[in-house]
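J.: What follows is a single structure, and I will ask about it in a moment.
The values are calculated or read from the model by the stated rules, or taken from the named source; none is laboratory data. It should be emphasised that the depicted structure is a prediction, and the values quoted were computed from it without experimental measurement. Reconstructed Cβ throughout: ideal geometry from the backbone, glycine too, with neighbour counts over all protein chains shown.
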Amino acid sequence: MTTPMLEIRNLHARIAEREILRGVNLTVPAGEVHAIMGRNGSGKSTLSYVLAGKADYEITEGEVLLDGEDILALDPSERAAKGLFLAFQYPIEIPGVATMTFLKAAMNAQLKARGQAEMTTPDFMRAVKEAGQSLHIDSDMLKRALNVGFSGGEKKRAEILQMALLAPKMCVLDETDSGLDIDALKIVSDGVNALRGPGRSMLVITHYQRLLNHIVPDVVHVFSDGRVVESGGKELALELESKGYAGFDEAAA
């Protein structure tokens, strides 16, 4: 039996004494794309933050295994070096830090953590150019400070560029469709789909089925009251779109 890429076992987490995750159980096999759908406040984004190691959250119970290794004791940079990547719902702006400088620093930090040689500048420039072409990222955008003055679509494309360059094995996409128009949604989705493969898994968190028309999941999980209450095929997303979350909220009660 192969080791799942991501395995979450009975995960409980709270912030400021308020329990948000209430026993999450979820397994994502290698090479699969899973979607999490749920209403606002169900705990979807909290799950992404806890996976990435955001400091505000206290884990009170459970395990998170990445490729068979428990990562909860690792800091965010160590989790990233192990191959975990989080694309934020609202990427933050970092004035004074050039996008290219950030990308090169991130890539070399991960290479160093894995005991590999840092990239030379020519190799780095070549990698950025190749990865950026399909995402419609031009040199002017890369010359700007990270996310500063970027449109919603530009911010999301910049994150998928990071994902392409860092080549993580487990990608968590937190409401990547937020703030995107139809054209930007297709560009970002095409970029994500280009990174699908047998050695990489993805967890796509979204409110709406429209994203899943473009990034078609292998499995859909319904999140309610801090845990997974139902899982099924891609048709489950269509059921949610037509019927809403009320029935699943009752299942969580």
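J.: Restricting to the stretch 119-147, give me the number of residues that are surrounded by 14 or more Cβ atoms within 10 Å (Cβ to Cβ) and assigned to a loop (DSSP other than H, G, I, E, B).
T.: 7
J.: A further question follows. Just give me the residues in the stretch 201-230 being of a type in the set (S, T, N, Q) and surrounded by fewer than 16 Cβ atoms within 10 Å (Cβ to Cβ), in sequence order.
T.: Once the filter is applied, which keeps residues that are of a type in the set (S, T, N, Q) and surrounded by fewer than 16 Cβ atoms within 10 Å (Cβ to Cβ), the stretch 201-230 yields only Asn213.
J.: Continuing with the same structure: List pairs: first in the stretch 221-233 and among the charged types (D, E, K, R), second crowded, with 24+ Cβ neighbours inside 10 Å and in a loop (DSSP other than H, G, I, E, B), Cβ under 7 Å, 6+ apart or cross-chain?
T.: Hits for this filter: Asp225/Ser42.
J.: Where the second residue is in a helix (DSSP H, G or I) and the first is polar (S, T, N, Q) and lies in the stretch 152-173, which pairs have Cβ atoms under 8 Å and are six or more apart or on separate chains?
T.: So the pair list comes out as Gln162/Leu103; Gln162/Ala106.
J.: Of the conditions (1) in a helix (DSSP H, G or I); (2) in contact (Cβ under 8 Å) with a residue 40 or more places away in the chain; (3) not small (Gly, Ala, Ser), Val97 satisfies every one except a single condition; which number is it?
T.: Answer for Val97: the failing condition is (1).
J.: Could you check how many residues of the stretch 1-19 are part of a strand (DSSP E or B), of a type in the set (A, V, I, L, M, F, W, C) and surrounded by fewer than 21 Cβ atoms within 10 Å (Cβ to Cβ)?
T.: Count: 1.
J.: To continue, here is another question. Taking the conditions exactly as written (within 26 Å of Pro91 (Cα to Cα), in contact (Cβ under 8 Å) with a residue 40 or more places away in the chain and surrounded by 15 or more Cβ atoms within 10 Å (Cβ to Cβ)), does Leu74 satisfy them or not?
T.: The answer is no for Leu74.
J.: Do you know which of the residues in the stretch 128-150 that are at pLDDT below 90 and among the polar types (S, T, N, Q) is nearest to the chain's Cα centre (by Cα)?
T.: The qualifying residue nearest to the chain's Cα centre (by Cα) is Ser134.
J.: Take Glu93 and decide whether it is in contact with a helix residue (DSSP H, G or I) (Cβ under 8 Å, 6 or more places away or on another chain) and exposed (fewer than 15 other Cβ atoms within 10 Å of the Cβ).
T.: no
J.: Something else: What number goes with the only condition from (1) of a type outside the set (Gly, Ala, Ser); (2) buried (at least 18 other Cβ atoms within 10 Å of the Cβ); (3) in contact (Cβ under 8 Å) with a residue 60 or more places away in the chain that Met107 does not pass?
T.: Result: Met107 passes all but (3).
J.: Can you tell me how many residues within the stretch 20-57 are exposed (fewer than 15 other Cβ atoms within 10 Å of the Cβ), modelled with pLDDT under 95 and out of contact with any helix residue (DSSP H, G or I) (no Cβ under 9 Å at 6 or more places or on another chain)?
T.: The qualifying residues number 2.
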